[in-house]
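J.: Below is a structure I'd like to ask you about.
The values are calculated or read from the model by the stated rules, or taken from the named source; none is laboratory data. Given the structure is predicted, the values throughout are model-derived calculations rather than measurements. Cβ coordinates were reconstructed from backbone atoms using ideal geometry, including for glycine residues, and neighbour counts include every protein chain displayed. SASA here: full protein model, heavy atoms, side chains in, ligands and nucleic acids out. Shrake-Rupley method; radii C 1.70, N 1.55, O 1.52, S 1.80 Å.
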Amino acid sequence: MSLLTVRDLVVRFDTHHGPVHAVDGVSFDLNEGETLGIVGESGSGKSVTSLAVLGLVPRPPGVIGTGSSIRFRGRELLGLETSELRRIRGAEISMIFQDPMTSLNPLLTVGRQLTEVLEVHRGTSRREARERSARGLGDVGIPGPEAALDSYPHELSGGMRQRVMIAMALLLEPAILFADEPTTALDVTIQAQILELMRDMQRRHGMSIVFITHDLGVVAGTTDRMLVLYAGRVAESASTRALFAQPAHPYTRGLLASVPTLNGDPDAPLSSIPGSPPLGGGGGEACAFAPRCPLVQARCRNEQPPLVAGRAEHVAACFEADFTEAAR
Amino acid sequence: MSTPLLAVERLEKHFRTGRADLSGRKRGLLRAVDGVSFTLERGESLGLVGESGCGKSTTARTIIGLQKATAGSVRFDGVELTSLSRRGWQPYRRRMQMIFQDPYASLDPRQTVGSILTEPLTIHRVGKPRDRRLRALSLLDAVGLDPRHLFRYPHEFSGGQRQRIGIARALALEPELLLCDEPVSALDVSIQAQIVNLLKELQERFGLAYLFISHDLSIVRHLCPRVAVMYLGRIVESGPRASLYADPGHPYTQALLSAVPVPDPAREAERRRQVLGGDVPHPSAPPPGCAFHPRCPRLALEPPGAGATACRSEPPPLAERGADRRWSCHLV
C-alpha cells in the first residue's frame, strides 16, 4: 500500500528575477518499507520536493500549486495547520540533511537535542528520555553513548555527527525517513559506514526511505526504485535495476554514461552532456532538456513531452523514449 | 638521467596549534605533511588521493609556495624552491599554476573575465595590452568558451563555465605544471566529465604536467597514469594506475577502493564491501607505529607476534615492491 502519495506537486518561488519553477508537476508514490531514490543535478528540484513533503518550504517566497496534493496514509498534508503538521513531522516523517554541522545546534549538548525530541513529542520524562537517547546513540554505533550525550556537536567528527542526526531522526520510529544527500559531505570510507548503517537501520525498523542524491553510485546500492528529476520534472522513473540496465530517457543515458567508474577504459574520453542544467527550474513550454539533447526534434522545442509508460512501471518523459535494452 | 620537472623529497609542513596563554592547553604540533617524496616528469600526471585531513592540499600549497615548508626539499627543474626569496620565486610562479576546487570562490566577482585572464600577464609584464587581449581570446577558445564572454562577470556563468575560466587563467602564463586541487568535486556529474575531458585535451595540447589532488578514485583513474595514496600526512602507497587499482597493496588503499559505490545495482548487490571502522585520527595526535593500525583490517586478522607488535610501535617504511610499486605495511 502506498504510504505517501505525491500528485502534481508544483513549487514556485517568486524572486526579483521573476518566478522560478523549482518543482513543476512531480508525482510519485512511496510504498511501505521501500527505499526510493530521487536523483538529479543542482536545480533539478530534488531537495525542494522533500522540503515540500515536510511542509518546510518557506512561504513567501515559495508558492505551492493549487492542484498539488501530498497524502500521507491517505491524509492530505497540504493545508494542514502548522500544529498538526508538527505532530507528523519528526514523529511520522523525519529528515536528515547533508551537513550535520549546520543542522545540529552548536550551543546545546547532543543529549539535550535528543531528549528534547522525546519530551516535546511524547512527553517523556527527562530521565527516561536520557536513557532512550543513549540507547539510540548506541544503536547507530556511537562508542560510549553516555559520554557522547554530554558532548557538543563540534567535539564530534563529521561521521559521528551524521550518526547523531540519524539517531535523532529515528528516535520516534518514523514511518518515512527523508535523507537529503546524507553522505555527500563525508569521506568515502565514512560514507561507506553511514550507508551500511542506514541499510541496517531499515532492516531493523522497517521504515521507508527517500534517498535524495546526485550520486548514482550511492543510489545503485541503496534504493529499490528511482526517480530522475530534471528542471523540476520527472524525466524518468523505474525500478533501480531497470533504470540502470535500460535507461529510456536521453538525459538518464547521458548521466549514466558520464559517471567515471573503476572499470572501463581509463584512457577513453568520458562521455559527457554538453551545456549545463538550467538554473531557473522548469516551467516553459518546451522540454527543458532539449538544448542539451542528442535526439532533439522540432516538437521538443514547443511542447512538453508527457510521461509515457514502457513496461513494468517504467516511465519516461520523452518523445524519443526508447525502452529497449539496446538503447544504452 | 634527465632532471625531473618536480622532485619533492621528505617534505614536511607542520602547524602550531592551540594557545598556551588563553585556554591553558599546551601548544600542539599538527603534522599536516610528514615526509612526502615523489617526482613528476614533464607532461606526466600524478594523482594524489586521500580523505580530508590527509595533507594532500597542504602538500600542493607548500610546493607552490603558498605556505613555507617546515623541512624537506622541493626542486623544480633542478632548482630548490624552499630556500628562495620572494623575488627569487617570481620566475617559477609563471611556470607552475594552481586550479582550485571552488569555482565560485576563486574568481574575483568584480572583475570581468577579460580582466581576470589578462591580470597574470600584466603582473608578469608579458606583451603589450593588445597582445594580452588577444591572448585572453585564445585562452577562452582553448577552454571552450565564447569570445563574447570576455566582457561578462563571474556571476553570469554556471559552475562548469567558471571552472573553465579558472583553468584559462591558470594557462595564461603558459605554465609547465598545473596543481589541480579537487577541480571537479564541486561540479554536477554531467559537467565533471566535460572538465575531466578538457583537462586531458589541454595536457596533450600544451604538454602540461599535472599534480591532480582528489578524494575521488574514479576521477583520478581517468586522468593519472600514476597514483599516490596519502593517509595522515604520508604517502602509504604509490604505483602505476593499472596495477594499483587491480591489486592494491596497502590495506588502506584496499578499503578506499572497496568503499567507492559502484553505479551498477547488480554489482552492488553481490559485491562484498569492506567497511573500515572508526574515524581518521586527528593529525595532531597520530597513533604510534603505523598511523593506520587502529583501523587496519589486516592487523585485526594477524595473530599476535613480531609483525603485529611492529605495527603498533614502528612506522613502516614506504618500501619498493617491484614493478614501480611501493607501499608501507609491516604485514606484506
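J.: So, in the range A:188-213, exactly how many residues are modelled with pLDDT of 90 or more and farther than 15 Å from A:Ile176 by Cα?
T.: Here the count works out to 1.
J.: Could you say whether any residue in the range B:145-163 is in contact (Cβ under 8 Å) with a residue 40 or more places away in the chain, of a type in the set (D, E, K, R) and closer than 27 Å to A:Leu229 by Cα?
T.: Yes, there is a match, as at least one residue in the range B:145-163 is in contact (Cβ under 8 Å) with a residue 40 or more places away in the chain, of a type in the set (D, E, K, R) and closer than 27 Å to A:Leu229 by Cα.
J.: Which residues, counting only those in the range B:175-188, are open to solvent by less than 10 Å² (accessible area, probe 1.4 Å) and in contact with a Pro (Cβ under 7 Å, 6 or more places away or on another chain)?
T.: Of everything in the range B:175-188, nothing turns out to be open to solvent by less than 10 Å² (accessible area, probe 1.4 Å) and in contact with a Pro (Cβ under 7 Å, 6 or more places away or on another chain).
J.: Identify all residues within the range A:247-259 that are in contact (Cβ under 8 Å) with a residue 24 or more places away in the chain, open to solvent by less than 10 Å² (accessible area, probe 1.4 Å) and at the interface with another protein chain (Cβ under 9 Å from one of its Cβ atoms); write none if there are none.
T.: Correct list: A:Tyr251, A:Leu255.
J.: Do any helices (runs of 4 or more DSSP H) lying entirely in the range B:211-261 carry at least 1 residues that are more than 30 Å from B:Pro175 (Cβ to Cβ) and without any contact (Cβ under 8 Å) to a residue 24 or more places away in the chain, and which ones are they?
T.: Details: elements: B:217-223, B:241-246, B:251-259.
Output list reads B:241-246, B:251-259.
Here is a yes/no grid of residues against (1) assigned to a helix (DSSP H, G or I); (2) away from chain B (no Cβ under 13 Å):
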{"residue": "A:Met165", "(1), (2)": "yes, yes"}
{"residue": "A:Pro174", "(1), (2)": "no, yes"}
{"residue": "A:Leu177", "(1), (2)": "no, yes"}
{"residue": "A:Leu186", "(1), (2)": "no, no"}
{"residue": "A:Glu196", "(1), (2)": "yes, no"}
{"residue": "A:Arg204", "(1), (2)": "yes, yes"}
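J.: OK, next. Within the range A:260-315, which residues are at pLDDT below 85 and open to solvent by 80 Å² or more (accessible area, probe 1.4 Å)?
T.: Once the filter is applied, which keeps residues that are at pLDDT below 85 and open to solvent by 80 Å² or more (accessible area, probe 1.4 Å), the range A:260-315 yields A:Leu279, A:Glu285, A:Arg311, A:Ala312.
J.: To continue, here is another question. Looking at the range A:127-140, can you tell me whether even one residue there is part of a loop (DSSP other than H, G, I, E, B) and at pLDDT below 90? First the steps, then the outcome.
T.: Step one: of the range A:127-140, the residues part of a loop (DSSP other than H, G, I, E, B) are A:140.
Cutting the leftovers down to at pLDDT below 90 gives us A:140.
Yes, the conditions are met somewhere in the range A:127-140.
J.: Can you name every residue in the range B:137-181 that is not in a helix (DSSP H, G or I) and not aliphatic (A, V, I, L, M)? Please lay out each step first, then the result.
T.: Taking the range B:137-181 as the starting set, the residues that turn out to be not in a helix (DSSP H, G or I) are B:143-146, B:152-153, B:157-158, B:172-181.
Result: B:Gly144, B:Asp146, B:Arg152, B:Tyr153, B:Phe157, B:Ser158, B:Glu174, B:Pro175, B:Glu176, B:Cys180, B:Asp181.
J.: Report whether or not A:Ala192 is surrounded by 15 or more Cβ atoms within 10 Å (Cβ to Cβ) and more than 14 Å from chain B (Cβ to nearest Cβ). Steps first, please.
T.: Details: surrounded by 15 or more Cβ atoms within 10 Å (Cβ to Cβ): yes; more than 14 Å from chain B (Cβ to nearest Cβ): no.
Spelling it out, it is not the case that A:Ala192 is surrounded by 15 or more Cβ atoms within 10 Å (Cβ to Cβ) and more than 14 Å from chain B (Cβ to nearest Cβ).
J.: Given the criteria more than 14 Å from chain A (Cβ to nearest Cβ) and under 16 Å from the mean Cα position of the chain (by Cα), does B:Gly207 qualify? Working first, answer last.
T.: On the way: more than 14 Å from chain A (Cβ to nearest Cβ): yes; under 16 Å from the mean Cα position of the chain (by Cα): no.
So B:Gly207 does not fit the description; no.
J.: Does the range B:106-117 include one or more residues that are among the basic types (Lys, Arg), on the phi < 0 side of the Ramachandran plot, surrounded by fewer than 17 Cβ atoms within 10 Å (Cβ to Cβ) and assigned to a loop (DSSP other than H, G, I, E, B)?
T.: yes
J.: Among the residues of the range B:268-300, what is the count of those that are part of a loop (DSSP other than H, G, I, E, B), open to solvent by less than 20 Å² (accessible area, probe 1.4 Å) and aliphatic (A, V, I, L, M)?
T.: The qualifying residues number 1.
J.: So in the range B:237-258, with the set limited to residues that are open to solvent by 10 Å² or more (accessible area, probe 1.4 Å) and among the aliphatic types (A, V, I, L, M), which one is farthest from the other protein chains (Cβ to nearest Cβ)?
T.: If we take residues in the range B:237-258 being open to solvent by 10 Å² or more (accessible area, probe 1.4 Å) and among the aliphatic types (A, V, I, L, M), then B:Ala246 is farthest from the other protein chains (Cβ to nearest Cβ).
J.: Considering only the range A:1-55, how many residues are open to solvent by less than 10 Å² (accessible area, probe 1.4 Å) and of a type in the set (D, E, K, R)?
T.: Within the range A:1-55, residues that are open to solvent by less than 10 Å² (accessible area, probe 1.4 Å) and of a type in the set (D, E, K, R) number 1.
J.: Further question on the same structure: Quick test for you: out of A:Gly55, A:Gly65, A:Gly40, A:Gly33, pick the one residue that is closer than 20 Å to A:Met201 by Cβ and out of contact with any Cys (no Cβ under 6 Å at 6 or more places or on another chain). Break it down stepwise before answering.
T.: Details: A:Gly55 fails: closer than 20 Å to A:Met201 by Cβ; A:Gly65 fails: closer than 20 Å to A:Met201 by Cβ; A:Gly40 fails: closer than 20 Å to A:Met201 by Cβ.
Result: A:Gly33 is the single residue among A:Gly55, A:Gly65, A:Gly40, A:Gly33 that is closer than 20 Å to A:Met201 by Cβ and out of contact with any Cys (no Cβ under 6 Å at 6 or more places or on another chain).
J.: Taking strands (runs of 3 or more DSSP E) that do not extend beyond the range A:1-110, which have at least 1 residues that are farther than 30 Å from A:Tyr152 by Cβ and within 14 Å of chain B (Cβ to nearest Cβ)? Walk me through it before giving the result.
T.: Working: elements: A:2-15, A:18-31, A:35-39, A:62-64, A:69-72, A:93-96.
The strands (runs of 3 or more DSSP E) meeting that bar are A:35-39.
J.: For B:Phe206, state whether it is hydrophobic (A, V, I, L, M, F, W, C), surrounded by fewer than 16 Cβ atoms within 10 Å (Cβ to Cβ) and in contact with a Pro (Cβ under 9 Å, 6 or more places away or on another chain).
T.: Numbers: hydrophobic (A, V, I, L, M, F, W, C): yes; surrounded by fewer than 16 Cβ atoms within 10 Å (Cβ to Cβ): yes; in contact with a Pro (Cβ under 9 Å, 6 or more places away or on another chain): yes.
Judged against the criteria, B:Phe206 is a match.
J.: Does the range B:189-199 contain at least one residue that is open to solvent by 20 Å² or more (accessible area, probe 1.4 Å), β-branched (Val, Ile, Thr) and facing chain A (nearest Cβ under 8 Å)?
T.: Here is the first cut: in the range B:189-199, the ones open to solvent by 20 Å² or more (accessible area, probe 1.4 Å) are B:192, B:194, B:197.
Of the ones still in play, those that are also β-branched (Val, Ile, Thr) are none.
Checked the range B:189-199: no residue is open to solvent by 20 Å² or more (accessible area, probe 1.4 Å), β-branched (Val, Ile, Thr) and facing chain A (nearest Cβ under 8 Å).
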